[in-house]
Structures are given as C-alpha cells and as structure tokens.
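Let me begin by presenting the structure, written as structure tokens, before commenting on it.
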Amino acid sequence: MNTKDRKQREIQEREAKILECARPMFIEGGYNGLNMDRLTSMLDYSKGTIYNHFSCKEEIIITLAIQTLEKRLTMFEKAALFQGTSRERIAAIGTAAELFVKLYPDHFRVEQTIRLDSIWDKTSEERRQVMSNCEHRCIGVVGGIVRDGIASGDLKLNDSTTPEDIVFGLWSLSFGGYSIIATSNSLADLGISNPFETLRRNYNRFLDGIQWKSLSSEVDYDAVFERVCEEVFGNELQQITV
C-alpha cells in the first residue's frame with residue numbers, strides 16, 4: 001500500500017469512528033444532544049481533527065442520513081430482483097421499506113431529522129448532492145419497476161399520469177406512514193392495532209385504484225410479503241426476530 005492509499009484509509013477510518021460515536025449521541029439526545037465538545041472528549045482526536053472532517057454537527061447528521069439511504073438502496077436493489085410479476089416486485093419494494101424501518105429505526109430517525117430546513121440549510125452542497133444522488137437511485141429502482149409494469153401491460157396509465165406520479169404516491173404513503181408509526185404512541189387508541197399491516201393494505205388499495213394487475217382480489221399479497229421475507233430478506237428477518 002503506497003503512502004497516498006494509506007493516508008486515504010486513515011482518513012476513512014477516522015471519519016467512521018466519528019460517525020460511530022456521533023450516531024448514538026444523536027439518537028439519544030436529538031439535535032441538541034449531538035455536541036462537538038462531548039464528541040471530542042469521547043475520541044482520541046482533537047477538535048481540529050474532527051472539524052477537518054465535519055465543519056459542523058449538521059454535516060455529521062447529513063452523513064449519517066447518507067448512510068441510511070445507502071442501506072435502503074441496498075435493500076431496494078435486492079427487492080427489485082425478486083422473481084415475480086411487476087406488481088409482486090413492487091410489493092417486494094414495500095417489504096424492503098417495512099423491514100428497513102423495523103431493522104434500522106435509528107437510521108430512519110436521522111433521515112427524518114435532516115429534512116428540517118434549519119439543519120439542511122447548514123450542510124455543504126457537496127454532501128447534499130451525495131444525499132440527493134442516493135435518494136434518486138432509490139427512486140430510480142422503484143421507477144424502473146413501474147416502467148416494467150407498463151411495458152408488460154400490467155399497468156396502463158392515462159395521458160395525464162406519469163410513472164413519476166406513481167412513484168411519488170408510493171413514496172408519500174411510505175415515508176408518511178412510517179413517520180407516523182415512528183412518532184405516534186396512540187395508534188392503538190385510534191383503533192389501529194397493527195399499523196404495518198394497515199399500511200400494507202393501503203399500498204394495495206392505491207395499486208388496485210390505478211388498476212395495477214394482478215389486483216389484490218386475485219392475488220394474496222400477504223403471502224407475497226411472506227415469500228419476499230423468506231426468499232430475499234431471510235438474514236434481515238432473523239435480525240429483527242432475535
């Protein structure tokens with residue numbers, strides 16, 4: 001290993017250690033709980049070294065969010081390879097989204113926080129671009145399946161509806177639904193005893209509404225969910241049930 005490669009590896013290792021210490025600090029105390037002085041005291045690095053990597057704590061938070069999106073992208077790409085119809089593959093993406101939230105609840109919380117303007121506006125354009133690229137790749141995986149559905153004849157859109165409209169509808173259901181699940185303690189009081197199952201049913205109502213075949217009256221998508229869990233995400237499922 002030459003000097004340049006060794007130096008680059010050392011930089012990456014320092015950054016990884018900073019993020020490793022920062023994540024639980026942020027999760028436990030939120031934005032105000034992530035303190036650069038406290039972070040310095042927990043590491044063998046000077047404050048100057050930390051600031052060489054991250055100019056402010058908002059830069060740390062967005063980097064944590066990028067890690068989150070990278071994990072989700074990996075799961076989406078696995079789900080997209082599920083052997084089934086286009087509707088079953090989009091159900092596999094929904095399965096990946098649900099398992100991600102269950103497996104990485106702390107990551108999901110970071111992703112919610114970074115979307116606040118008060119934090120986002122303090123981050124660098126470079127890191128914003130990295131995060132946007134990760135997000136676009138996740139959306140691209142979903143959009144690819146929508147287009148596969150159109151190409152196969154499973155889905156027919158009218159002239160005023162685009163594949164991007166469908167992706168946005170699914171994204172809205174997903175992020176909005178999981179945000180409510182993550183932040184509300186009163187769903188059972190509202191008669192929603194199993195919010196994840198309810199959200200799955202709402203996905204199917206949406207997809208049935210746009211006539212994406214096969215309809216839920218024709219296919220048991222609960223069984224598809226179980227198949228995806230077993231065939232694609234067996235390792236992840238074991239981590240959740242341990």
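The values are calculated or read from the model by the stated rules, or taken from the named source; none is laboratory data. This structure is a prediction, so every number in the text was calculated from the model and none was measured. When we count neighbours, we look across all protein chains shown, and the Cβ atoms used for this are built from the backbone with ideal geometry, even at glycine. Quick note on the areas: whole protein, heavy atoms, side chains included, nothing else; ligands and nucleic acids left out. Shrake-Rupley method; radii C 1.70, N 1.55, O 1.52, S 1.80 Å.
Quick notes
- Surrounding net charge for ARG147, when Lys and Arg each add one and Asp and Glu each subtract one, Cβ distance under 13 Å: -2
- Our estimate of slack between SER179 and CYS56, defined as 0.36 nm per intervening residue step minus the Cα-Cα distance, is 41.7 nm.
- Percent accessible area from carbon and sulfur atoms, the range 1-54, protein chains only, probe 1.4 Å: 44
- Helix 57-80 axis, angle to the chain major axis (alpha carbon atoms, nearest 10°): 30
- The angle between the Cα long axis of helix 86-103 and the main principal axis of the chain comes to about 40°, on a 0 to 90 degree scale.
- Put a dot 7 Å past the Cα of LYS4, heading toward its Cβ, do the same for GLN112, and the two dots end up 4.4 nm apart.
- The angle separating the long axis of helix 195-209 from the principal Cα axis of greatest extent in the chain is about 50 degrees.
- Based on C-alpha pairs under 8 angstrom that are at least 6 apart in sequence, the chain has a relative contact order of 22 percent.
- Zero-based 5 Å bins, Cα pair distances in the chain, whole percents: 1, 6, 12, 15, 16, 14, 12, 9, 7, 4, 2, 1, 0
- Area accessible to solvent at TRP212, 1.4 Å probe radius, in Å²: 0
- Which listed pairs, of LYS17/LYS122; LYS7/LYS47; LYS4/LYS102, have C-alpha distances above 30 Å, in listed order: LYS4/LYS102
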